[in-house]
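J.: Questions regarding the structure given below will be posed in turn.
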Amino acid sequence: MTATTPDVVLIGAGIMSATLGVLLKELEPSLEITMFETLEDCALESSQAWNNAGTGHAANCELNYTPEWPDGSIDISRALEVNVEFDVSRQLWSYLVTKGAIADPRSFVNPVPHMSFVRGADNVAFLKKRFKAMSAHHCYHGMEYSDNWVQIANWAPLLMEGRTNEELVAATRIVTGTDVDYGALTHHLVRHLTSQPGFSVHYRHRVGDIRREPDGRWTVKAQDTGSGEVQEVKAKFVFIGAGGGALPLLQKADIPQAHGYGGFPVSGLWLRCDDPKVAERHHAKVYGKAATGSPPMSVPHLDARVIGGKRSVLFGPYAGFSSKFLKHGSLLDLFESVRPANVGPMLSVARDNFDLTEYLIGQVLQSESHRLAALDEYYPNAKAEDWRLQVAGQRVQIIKPDTRRGGMLEFGTELVAAEDRSLVALLGASPGASTAAHIAVSVLQKCFPEELATNAWLSKLREIIPSYGVSLIEDAAFTKRVRADTAKALEIENV
Ligand SMILES: Cc1cc2nc3c(=O)[nH]c(=O)nc-3n(C[C@H](O)[C@H](O)[C@H](O)COP(=O)(O)OP(=O)(O)OC[C@H]3O[C@@H](n4cnc5c(N)ncnc54)[C@H](O)[C@@H]3O)c2cc1C
């Protein structure tokens, strides 16, 4: 049964809405929650396994999180933040596995070492310094470094076989890395929600309007994509977890806090290889260095994937441009999102990001041979016939007003909330699904501060996420304990 006046409406059935729904129901089982989803099932957009790379982003291997400053020092502060955000997800998933809500952790998370791999003297020097800075911190305990061809080939044979020249190479590896099937995980979470009273999910229902009522509630109208019938509910709290569809919905809600925001869609392609002879010989996620001018999420990587129990290898992403905000969206999405308030910021971003425009044009014009040449840099013996193209999900990067430059392009995520915190939207895409639990906790802190201050919510939240309120960046002993516990529950490596 759908409540016509639910406490909470979740828009979108991806990893973000599902994670927030699960946390809310654990904290307050009596909540009435209604979820609307345009498509016929959950996790069919960015959260679907092949629409993302499935990296459990803990900033182990992604070089863009550790910039080098002009004085030659390496800044690991952003990497540490992302690293411990992943611990929040690990704790929530462990809690759900331990309580039996998810039967088998291997159905969505698998141990896959995370590696960074670079070539050339400058990059090798950078990686060595980065390793020194990171491995000195307890969060990166167990990280290994090598510039020895034999050792690197031992970690990832495909990377080194067929490499003929004598160039300098180096790699770091951390065996506690993971590959996550966020699609399978979303299914587990939505299944867990639907097993509880007070929760209903409506597939094939597109939310077309969100309006504020004089009593403070939000009227959410969702149209049945088959029959055209419109369902209307009045909610106390709305979470717009609609992925690329969040910006248009936020614009419909018409809150002043969202004025001036725009979106810049980036599409993506992978090369995918399902041949067991290849997949069984690659057991790592190997991240390289991004090309000059490319957006941070375009770092090439050669990834072991485990989806539905089968091993594959993925390489990419090759970025592209499509005006759609969702893979199943409309080519008009970008144009329909233009408002008088965001024209200025959007034009400023176009003016200030010429490198990015150039990079995207280059990517769009890439032929198959260009794509294989890029793969060759990571897997010199790759055979074209083993690989096929796989279309990835859409990402909508945030464009926001900026007093100095007019507009800014952001590659992270941002929660944009109404002043009274009764509605919040999640914009942006990175680090992404890995930090869904951290994002859900941020929603609780932003929108439910009074409830979170009660003993009942606080003690339950600490049962689910034992590190809540503790800085894992500061507390080495706590980190060690939490990682050992979650590694055991999730059947992943611990060092
Ligand atoms: C190429 C690529 C690689 C990535 N790699 C990684 C990675 O390695 N690791 C990682 O952690 N993250 C990664 N991400 C990011 C990650 O996939 C996303 O952050 C995450 O899946 C977003 O989840 P979501 O629930 O917000 O959105 P989605 O999964 O897109 O779900 C949103 C849902 O809302 C629905 N919806 C939209 N509009 C409406 C409406 N009006 N009414 C009803 N329903 C609506 C959509 O149909 C969709 O099902 C990657 C993303 C991409 C595109």
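The values are calculated or read from the model by the stated rules, or taken from the named source; none is laboratory data. Bear in mind that the values here come from a model prediction, so they are computed numbers and not experimental data. Counting neighbours? That spans all protein chains shown, and the Cβs are built from the backbone with ideal geometry, glycine included. Protein only, heavy atoms only, side chains kept; ligands, DNA and RNA dropped before computing areas. Shrake-Rupley method; radii C 1.70, N 1.55, O 1.52, S 1.80 Å.
J.: Based on the Kirkwood radius over alpha-carbon pairs, what is the Stokes-Einstein translational diffusion coefficient of the stretch 413-495 at 10 °C with 1.306 mPa s viscosity, in µm²/s?
T.: Using the Kirkwood radius from Cα pairs, D works out to 108 µm²/s.
J.: Heavy atoms only, probe 1.4 angstrom, no DNA, RNA or ligands counted: give me Asp122, Asp179, Asp275, Asp147 ranked by accessible area, highest first. Before the final figure, lay out each step's value.
T.: Values: Asp122 130, Asp179 0, Asp275 40, Asp147 80 Å².
Sorted descending by solvent-accessible area, the residues read Asp122, Asp147, Asp275, Asp179.
J.: Where the eigenvalues come from the Cα gyration tensor of the stretch 300-424, what are the semi-axes √(5λ) of the equivalent ellipsoid, largest first, in whole Å?
T.: Equivalent ellipsoid of the stretch 300-424: 34, 19, 14 Å, largest first.
J.: Right, here's the next one. State the answer as a single residue: which of Val118, Ile399, Ala258 lies farthest towards the positive end of the charge dipole of the chain, with beta carbon charges of +1 for Lys and Arg and -1 for Asp and Glu, about the Cα centre.
T.: After comparing all options, I get Val118.
J.: While we're on this one: At a threshold of 8 angstrom on Cα-Cα distance, excluding pairs fewer than six apart, so keeping six or more, what relative contact order does the stretch 347-495 reach in percent?
T.: Details: 97 pairs, mean separation 18.8, N = 149.
Contact order relative to length: 13 percent.
J.: Under 19 Å from a point 7 Å along the Cα-to-Cβ line of Thr403: which residues of the stretch 261-283 have their amide N that close?
T.: So the set is 261.
J.: Additional query: Helix 15-27: angle to the longest alpha-carbon principal axis of the chain, degrees 0 to 90, nearest 10?
T.: Between the helix axis and the principal axis of the chain, the angle is about 60 degrees.
J.: Here is a further query. Projected area of the chain, taken from the Cα convex hull and averaged over every viewing direction, in nm²?
T.: Mean projected area of the Cα convex hull: 23.1 nm².
J.: 5 Å is the cut-off here: which amide hydrogens, built 1.01 Å from N in the peptide plane, fall below it relative to Met408, excluding neighbours closer than 5 in sequence?
T.: HN-HN under 5 Å from Met408: Lys400, Asp402.
J.: Which whole-Hz ³J(HN,Hα) couplings does the stretch 251-267 yield from phi under the Karplus relation 6.51 cos²θ - 1.76 cosθ + 1.60, θ = phi - 60°, glycine and proline marked x?
T.: Each residue of the stretch 251-267 in turn: 5, 5, 5, 6, 9, x, 4, 9, 5, x, 6, x, x, 10, x, 10, 9 Hz.
J.: If you don't mind, there's one more thing I want to ask. Mind checking the angle between helix 121-135 and the chain's longest principal axis? C-alpha axes, 0 to 90 degrees, to the nearest 10.
T.: Relative to the chain, helix 121-135 is tipped by roughly 60 degrees.
J.: Within the chain, what's the longest stretch lacking GluC sites (Glu not before Pro) that sit in DSSP loops with no more than 11 other Cβ atoms inside 10 Å? Before the final figure, lay out the partial values.
T.: Values: sites that count: Glu40, Glu166, Glu167, Glu229, Glu280, Glu419, Glu474.
For GluC sites (Glu not before Pro) (loop position, at most 11 other Cβ atoms within 10 Å), the longest site-free span of the chain is 281-418.
J.: What accessible area per residue comes out for the chain, rounded to a whole number of Å², with a 1.4 Å probe?
T.: Details: 20430 Å² over 495 residues.
Spelled out: the 1.4 Å probe surface of the chain, per residue, equals 41 Å².
J.: Can you give the percent of C-alpha pairs in the stretch 1-78 whose distance is more than 21 Å?
T.: 52
J.: Grab the DSSP H runs of the chain that are 4 residues or longer, score each as -39,500 (n - 2.57), total them, divide by all residues and round the 222 nm result to the nearest 500 deg cm²/dmol.
T.: Helix-only estimate at 222 nm: -10000 deg cm²/dmol.
J.: What is the percent of Cα-Cα separations in the stretch 304-364 that go past 16 Å?
T.: Values: 1213 of 1830 pairs.
Tail of the P(r) past 16 Å holds 66 percent of the pairs.
J.: Also, I was wondering about something else. Hey, can you grab everything whose amide H is under 5 Å from the amide H of Phe321? Only 5+ residues off in sequence or another chain; H modelled, so Pro and N-termini drop out.
T.: Ser267
J.: For the stretch 194-347, what number results from the quotient of the Cα radius of gyration and 2.2 N^0.38 Å?
T.: Against the compact-globule rule of thumb, the ratio is 1.37.
J.: Let me ask something else about it. Provide the convex hull volume over Cα atoms per residue for the stretch 144-230, in Å³. Walk me through the numbers on the way to the answer.
T.: Details: hull volume 23.2 nm³, N = 87.
Taking the convex hull of the Cα positions in the stretch 144-230, it is 267 Å³ per residue.
J.: Then there's this: Less than 10 Å Cβ to Cβ from Ala58, Lys/Arg counted +1 and Asp/Glu -1: what total charge do the surrounding residues give?
T.: After counting each charged neighbour, the total is -2.
J.: Can you run phi through the Karplus equation (6.51, -1.76, 1.60; θ = phi - 60°) for the stretch 337-349 and list ³J(HN,Hα) in whole Hz, with x for Gly and Pro?
T.: Each residue of the stretch 337-349 in turn: 8, 6, 10, x, 6, 10, 4, x, x, 5, 5, 4, 5 Hz.
J.: For the stretch 353-479, what size does the Cα cloud have along each of its three principal axes, sorted from largest down, in whole Å?
T.: Principal-axis extents of the stretch 353-479 (Cα, largest first): 60, 42, 27 Å.
J.: Out of the total accessible area of the chain (probe 1.4 Å, heavy atoms of protein only), what percent is carbon and sulfur? Write out the running numbers ahead of the final one.
T.: On the way: 10820 of 20430 Å².
Exposed carbon and sulfur together represent 53 percent of the surface.
J.: Given the stretch 90-244, report the % of alpha carbon pairs whose separation exceeds 23 Å.
T.: Pairs farther apart than 23 Å: 63 percent.
J.: Would you compute, for the Cα atoms of the stretch 208-285, the largest minus smallest coordinate along each principal axis and list the three values in descending order, in whole Å?
T.: 63, 35, 20
J.: How much of the DSSP bridge set in the chain is antiparallel, in percent, rounded to the nearest 5?
T.: Values: 62 of 80 bridges.
About 80 percent, rounded to the nearest 5.
J.: Shifting gears a bit: Could you give me the ³J(HN,Hα) list for the stretch 110-119, computed from phi with Karplus coefficients 6.51, -1.76, 1.60 and θ = phi - 60°, whole Hz, x at Gly and Pro?
T.: Residue by residue, the stretch 110-119 yields 9, x, 9, x, 9, 10, 10, 9, 9, 10 Hz.
J.: If I take every Cα pair under 8 Å that is 6 or more residues apart in the stretch 182-317, average their sequence separation and divide by the length, what percent do I get for the relative contact order? Could you put the intermediate results ahead of the total?
T.: Numbers: 172 pairs, mean separation 19.6, N = 136.
Relative contact order for the stretch 182-317 comes out at 14 percent.
J.: Filter the cross-link list Lys324/Lys400; Lys234/Lys460; Lys285/Lys310; Lys234/Lys327; Lys289/Lys310 down to pairs whose alpha-carbon distance in this structure exceeds 25 Å.
T.: In this structure, Lys234/Lys460; Lys234/Lys327; Lys289/Lys310 exceed 25 Å between Cα atoms.
J.: Something else about it: Whole percent per 5 Å bin, from 0 to the bin with the longest distance: what is P(r) over all C-alpha pairs of the stretch 21-151?
T.: Once binned at 5 Å, the Cα pair distances of the stretch 21-151 give 2, 8, 13, 16, 16, 14, 11, 8, 6, 4, 2, 0.
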